[in-house]
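A.B. asks: I'd like to ask you about the structure that follows.
The values are calculated or read from the model by the stated rules, or taken from the named source; none is laboratory data. Values in this document were obtained by computation on a predicted structure and should not be read as measured data. Neighbour counts are summed over all protein chains in view; Cβ atoms, including those assigned to glycine, are modelled from backbone coordinates with ideal geometry. Accessible surface is based on the protein model in full, side chains and every heavy atom, while ligands, DNA and RNA are left aside. Shrake-Rupley method; radii C 1.70, N 1.55, O 1.52, S 1.80 Å.
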Amino acid sequence: MRSRSAKAAWLTACVTLFACTCSIHAVAQEKSSDVGGAPAKRRLTKMPKLERFVPAEYPKARRDKGETASVLLTIELSATGEVTKVTVQASAGADFDEAAIAAAKQFHFEPAEVDNKPAPAKITYRYDFTLTPSPSPSPNPSPSPNPSPSPNPSPSPSPNPSPSPPLPPPPDVTTVEARSTTSRKETGGVRVSADEARRVPGTQGDVLKVVQNLPGVSRPPLASGQLVVWGSAPNDTRVLIDGVEVPALYHGSGLRSVVSSDFVSSVELSPGAFGAEYGRGLGGLVRVDSRNIAKDGPHTFVAADTLDAAVMHARPITEDVRASVLARYSYLDALVPLVSSRDTGATFPIPRYGDFQAKTTFDLGPRESVDLVGLGSFDALDRTVSSPDPGSVRSVQSRSSFERVYARWVSSSQSQTSIVTPFAGYEDSRQALHFGGTPATLDVGSAVYGLRASRREKVGERAHVTVGMDALGRASNVSRQGSLTLPPREGDVSVFGQPPGDDVATDREKTHVLNVAPDVATDIAIGPATFTLGVRMENYLIEGSRQTPKVGLTPEIGFSRLELAFDPRAAARIRVADGLVVTAAGGFYRQAPAPEDLSAVFGTPALSVSKATHASLAEEVRVTETTTVEVTEFVKSLSDLPVRTQLPSPILARVLTQNGEGRSFGAQLLVRQELTRGFFAWLSYTISRSERRIVGDDRYRLFDYDQPHVLAAVASYEVGRFTFGLRFRASSGYPRTPVVASTYDAKNDRYDPVFGAQNAARLPAFYQLDAKIDRVFPLGLGRKLTVYLDVENVTAHDNAEEYVYSFDYARRGIITGLPTIAVVGARLDF
Amino acid sequence: MHTTPISRATVAALALAAIAAGVPGCEPSFSDRPSLVSGPKILAVRSEPAEAAPGTAVVLSALVVDTQGTVTAPPSAWGFCRAPKLVAENAAVSPDCTGEAAIAPIANTLGGVTGTVPPDACSLFGPETASGSNLRPRDPDPTGGFYTPVRLRANEQMAFGLLRTRCDLANAPGDIVTAFAQAYQANKNPRIASLTRVDDVKEAAFASATRGESVRLRIRWADADAEHYPFYDATTVTLIDRRESIRVSFYTTAGSFDLDRSGRDEADPNTFTDDVWHAPGDAGTVHLWFVLRDSRGGVAFTTTSITVD
């Protein structure tokens, strides 16, 4: 038990994040700032276009009297073209108004585009109720793809309502909000704008950390930035920035995301069953859209806090060219020794990280632009536990980094949108661990290149076709030495802190995995339903330098093979009733083996791709104009997963086998109040079960990351210049394998645990309440200062993070998580 | 279990570190100490010679203790375990070795315990694979060695000794194999040269202590006991000269040691290690044991009983 005095000390522990700023003078940029959190005015490059028209119910009394009318509506549209809100600008009477609103809510539009990217929009629409003498009226008039305005519709009498085509929104009444997004929302995905995400308590304003609170996502273990989505392994979820794959969403400690919040426009999580444009992962998909750069003036931002320092500058260079650059570097490892004993850094690993993003946008025309982007990230962690006993010395040295450069060409017109993104980069990961005399090093350096391209075109009145190409090549140099059991794999049975096996090996290899996947998908609207059918043609080229272990100086014998497959994807979205939409989606997915798993010594060069099948069914109810309730049921099955051999004497170069299979199923609930008048909130809850087994096993076991219950409730409210926020999280503990006895290893003078049934125990449940308050201080001349207090674990609940055992495994204790931590920070925008 | 008190400044520092690294906020500290003998224990298992080829005889012995001192000739059962562990097993031996099905008993005679290293030890636990089997050779330990598990049951305790087994070098060019065979000397058990108490810089015999006294103890071994041996580096495909590291484990029936274990790594030329023993507050006889291990499986141990006045 934690002593009372120590607990009190923990409770008083307060970490202050302070921001010091310097300014580069810029006047009156607050409103137009793209990085300061304020909405930015942007250029509308494409009008929203009515795709689905629904006739209004003509009020009977009015029709009987032969009365006609026009109702002027304000229709708010989402970035996908759905109607999110309808209000009356100019009334024609309650009955006409109600009928027009009811009809307009069922419209569907081709979305507006801002700076050539799909964006939410607000339009003015006049609904005309006219009576015509036509004996054969059209009961379901087709909307014009490019409707002509009818400012003075002829009041020709008609027995049925025949509304006039919509007024195209004149530019002066079209408002496009700053929360613009660039990519189409995936079926079942949850998208959060940066403006919402930065208000979530417990994230220190890090926009991308909000993903950990979305439905379908398990609470990550402390000290990790892992994403466990719908029961998939952390490495099975892909992270894309502007469509370009990056190796991680968070820095290694999970403390920060790998890109600055000021680089992000929105983030979307698709936990599964996503469309044909994406692949290479058995798990979910996290898509990050970068912000547009404001055109109307320079903006500079410099900040520093306890953890890191950041700098940003954005400005238009010419009329058609604008650029921004952001950089961040941590210095906590240098700061801690100033306030603590010298060995603190040796006892507690203090990470060092940094990242940068640079973006230049070239406007090539009114609907055509090119973004040139470079971004990178690094992590470093050193930890040494010294001991006079050479068998007890432990050290960890971890280095990882990645860089990406890409060009993103976007061209759109009334009928099509084309995006082409070639990219290249490098990833480097170096892990060096020593447990006594047992080493475990793994170095993987990969050159990455690829192309993502898509063209979405309207075909006829009710269909779109999207044709794309998604290619990614990864040429890796892998060097590994030491115990086979490090790094650990899912399914390994061990306890926290257990030394690895002391059988050691060594290997160096080169691998090349190229995935070229053309895809095609069609959206077809039939009545209230939209069907999306797609197929992804997977082509995997898997090559390696060694198919057997190195023996002396024998020459390498490599391998190369090609695997082809077609992965169908389908989705159906049906508006069952007013405000109720049901969506079903599913598909087949594949994932290439990791480069280190193709080792002839530590893995299996013959590994093929792993497979998954996803299916989901979602019901979305719009309760109010800004409140939705969405329930999603899901099921995943996994096959051909690489697992460790179950043989004491495996065949040469077959340490891993593809005998793993798994399944996960469950349901999630999302109640969401969109950001309205300064208030937003959501409640997410996921109930699920995820299991694995070796082919041939009678029973499944629990997945190492299985978390049956995950709850997150978030609320934020803006009152004047204050914003208050609360976040509550609760979740089941991860499964653990109980220790039932131990044996004494007299050679190494240590005890080894004897385990019970795998994953038959579970860590205690977790819950935590976080709170945040911030205040904005306008400083004039377009500058503002935001000060915030973010308190994690307000109730100081002792959350169990891990089991730990005494030296002979006779007793078990619990490692608890962080106590109450108060973080104070400040931010200056100008 | 208790939590060590820490200063406010340290708390703040650790909180900083905890935030950044995500490390746990509170790790329990168990009062159990490996160096405290509070009941029956097996402290060491020794083979003579320390390294043997398959089919050769070895003499096995063990250090079995309880709170009354060393247990001489305890009822015991010895056996070779014939179950190899999985390639990715963290433990030293297969879990099957705890059962009887995988054990080949070793006769326990009046003259001691003499066993014969299983002839197939290098294929069960070493790099040998049957011709044409295309099986993966086993990996050596960090010193290049392979080990045959020896199980001992005594005084209701179970322990595993790992008998270093002389096997051929695997996956190396022929000239390296030849050079290795010529240069390699089988491991020898080390010896404890002396156990002394250190007062300032003067070493003296350790025969007594007063209640509550803190005594610096020094264990010495001969320089030759940290043997040099050739090691095949598969990365560079060369033989390199390495030296054994030495570890010493400390045990007592009363009082406490500062360190449960100490030693010297292979780069450290010193041939001694120190520990501080804190005598108990009560007078009486205290039994202490010192087990010295080299990194290739060699073992030596000694015991002393002193009177605390």
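A.B. asks: State which residue is nearest to the other protein chains (Cβ to nearest Cβ) when the search covers only the range B:160-170 and only residues that are assigned to a loop (DSSP other than H, G, I, E, B) and hydrophobic (A, V, I, L, M, F, W, C).
C.D. replies: That would be B:Ala170.
A.B. asks: Looking at (1) open to solvent by 50 Å² or more (accessible area, probe 1.4 Å); (2) at pLDDT below 75, which one does A:Trp10 not meet, given that it meets all the others?
C.D. replies: It is condition (1) that A:Trp10 fails.
A.B. asks: Could you grab me the full set of residues in the range A:609-650 that are within 14 Å of chain B (Cβ to nearest Cβ) and either in contact with a Gly (Cβ under 8 Å, 6 or more places away or on another chain) or open to solvent by less than 50 Å² (accessible area, probe 1.4 Å) (or both)?
C.D. replies: A:Pro642, A:Val643, A:Arg644, A:Thr645, A:Pro648, A:Ser649, A:Pro650
A.B. asks: Next up: Considering only the range A:732-749, state which residues are touching a strand residue (DSSP E or B) at 6+ places or on another chain (Cβ under 7 Å), outside any strand (DSSP E or B) and facing chain B (nearest Cβ under 9 Å).
C.D. replies: A:Ala746, A:Lys747, A:Asp749
A.B. asks: Quick one: in the range A:284-336, of everything that is more than 26 Å from A:Gln226 (Cβ to Cβ) and among the acidic types (Asp, Glu), which residue is farthest from the other protein chains (Cβ to nearest Cβ)?
C.D. replies: A:Glu319
A.B. asks: Are there any strands (runs of 3 or more DSSP E) wholly within the range A:75-120 with 2 or more residues that are hydroxyl-bearing (Ser, Thr, Tyr) and open to solvent by 20 Å² or more (accessible area, probe 1.4 Å), and if so which?
C.D. replies: Ranges flagged: A:83-90.
A.B. asks: Filter the range B:171-212 for residues that are open to solvent by less than 30 Å² (accessible area, probe 1.4 Å) and among the small types (Gly, Ala, Ser); which is farthest from the other protein chains (Cβ to nearest Cβ)?
C.D. replies: Only one residue tops the list, namely B:Ala209.
A.B. asks: Residues in the range A:782-793 that are buried (at least 18 other Cβ atoms within 10 Å of the Cβ) and more than 10 Å from every other protein chain (Cβ to nearest Cβ): how many?
C.D. replies: Residues flagged as buried (at least 18 other Cβ atoms within 10 Å of the Cβ) and more than 10 Å from every other protein chain (Cβ to nearest Cβ) within the range A:782-793 amount to 7.
A.B. asks: Out of curiosity, is A:Glu718 part of a strand (DSSP E or B), open to solvent by 50 Å² or more (accessible area, probe 1.4 Å), more than 14 Å from chain B (Cβ to nearest Cβ) and charged (D, E, K, R)?
C.D. replies: Criteria met by A:Glu718.
A.B. asks: Just checking, how many residues over the range B:83-119 are away from every other protein chain (no Cβ under 12 Å) and surrounded by fewer than 18 Cβ atoms within 10 Å (Cβ to Cβ)?
C.D. replies: 13
A.B. asks: Quick one: how many residues across the range A:505-552 are part of a strand (DSSP E or B) and either hydroxyl-bearing (Ser, Thr, Tyr) or within 14 Å of chain B (Cβ to nearest Cβ) (or both)?
C.D. replies: The total comes to 10.
A.B. asks: If you check every pair at least six apart or on different chains, which have Cβ atoms under 6 Å apart with a residue in the range A:651-663 that is away from every other protein chain (no Cβ under 14 Å) first and a residue that is among the basic types (Lys, Arg) second?
C.D. replies: Taking only residues 6 or more apart or on different chains, the pairs are A:Gly662/A:Arg692.
A.B. asks: Take the conditions assigned to a strand (DSSP E or B), open to solvent by less than 30 Å² (accessible area, probe 1.4 Å) and over 24 Å from A:Phe559 (Cα atoms) and apply them to A:Ser446. Does it pass?
C.D. replies: Judged against the criteria, A:Ser446 is not a match.
A.B. asks: Could you count how many residues in the range A:794-807 are within 7 Å of chain B (Cβ to nearest Cβ) and among the acidic types (Asp, Glu)?
C.D. replies: 2
Condition check ((1) crowded, with 22+ Cβ neighbours inside 10 Å; (2) more than 14 Å from every other protein chain (Cβ to nearest Cβ)) across all residues:
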{"residue": "B:Ile42", "(1), (2)": "yes, no"}
{"residue": "B:Ala52", "(1), (2)": "yes, yes"}
{"residue": "B:Val59", "(1), (2)": "no, yes"}
{"residue": "B:Pro75", "(1), (2)": "no, yes"}
{"residue": "B:Gly79", "(1), (2)": "no, no"}
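A.B. asks: Considering only the range A:757-774, I want to know if a residue exists there that is aliphatic (A, V, I, L, M), in a loop (DSSP other than H, G, I, E, B), buried (at least 17 other Cβ atoms within 10 Å of the Cβ) and more than 11 Å from chain B (Cβ to nearest Cβ).
C.D. replies: yes
Condition check ((1) closer than 19 Å to B:Tyr229 by Cβ; (2) in a strand (DSSP E or B); (3) touching a residue at least 24 places away in the same chain (Cβ under 8 Å)) across all residues:
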| residue | (1), (2), (3) |
| --- | --- |
| B:Pro119 | no, no, yes |
| B:Ser123 | no, no, no |
| B:Pro127 | yes, no, yes |
| B:Pro137 | no, no, yes |
| B:Gly144 | yes, no, yes |
| B:Tyr147 | yes, yes, yes |
| B:Leu152 | no, yes, yes |
| B:Met158 | no, yes, yes |
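A.B. asks: I've got another one for you. In the range A:810-830, what residues are touching a residue at least 12 places away in the same chain (Cβ under 8 Å) and within 10 Å of chain B (Cβ to nearest Cβ)?
C.D. replies: Scanning the range A:810-830 gives A:Ala810, A:Arg812, A:Ile814, A:Ile815, A:Thr816, A:Gly817, A:Leu818, A:Pro819, A:Thr820, A:Ile821, A:Ala822, A:Val823.
A.B. asks: Which of the residues belonging to the range A:408-427 are over 21 Å from A:Lys46 (Cβ atoms) and open to solvent by 30 Å² or more (accessible area, probe 1.4 Å)?
C.D. replies: Matches in the range A:408-427: A:Pro422, A:Ala424, A:Tyr426.
A.B. asks: Within the range A:343-367, track down each residue that is away from chain B (no Cβ under 14 Å) and either at pLDDT below 90 or in a loop (DSSP other than H, G, I, E, B) (or both).
C.D. replies: Correct list: A:Gly365, A:Pro366, A:Arg367.
A.B. asks: Additional query: Quick check on B:Ala254: is it part of a loop (DSSP other than H, G, I, E, B), out of contact with any Leu (no Cβ under 6 Å at 6 or more places or on another chain) and surrounded by fewer than 17 Cβ atoms within 10 Å (Cβ to Cβ)?
C.D. replies: No.
A.B. asks: Which one is farthest from A:Glu427 (Cα to Cα), of the residues in the range A:388-401 that are open to solvent by 40 Å² or more (accessible area, probe 1.4 Å) and in a loop (DSSP other than H, G, I, E, B)?
C.D. replies: The residue in question is A:Pro388.
A.B. asks: Can you pull out the residues in the range A:253-269 that are touching a Phe, Trp or Tyr at 6+ places or on another chain (Cβ under 7 Å) and assigned to a loop (DSSP other than H, G, I, E, B)?
C.D. replies: Result: A:Arg256, A:Val258.
A.B. asks: Another question, then. Has the range A:661-668 got any residue that is assigned to a strand (DSSP E or B) and open to solvent by 50 Å² or more (accessible area, probe 1.4 Å)?
C.D. replies: Yes - at least one qualifying residue is present in the range A:661-668.
A.B. asks: On to the next question. Search the range B:193-207 for residues that are among the hydrophobic types (A, V, I, L, M, F, W, C) and pair each with any residue that is open to solvent by 60 Å² or more (accessible area, probe 1.4 Å) when their beta-carbon atoms are under 7 Å apart and the residues are at least 6 apart or on different chains.
C.D. replies: Correct list of pairs: B:Ala193/B:Arg220; B:Val198/B:Arg216.
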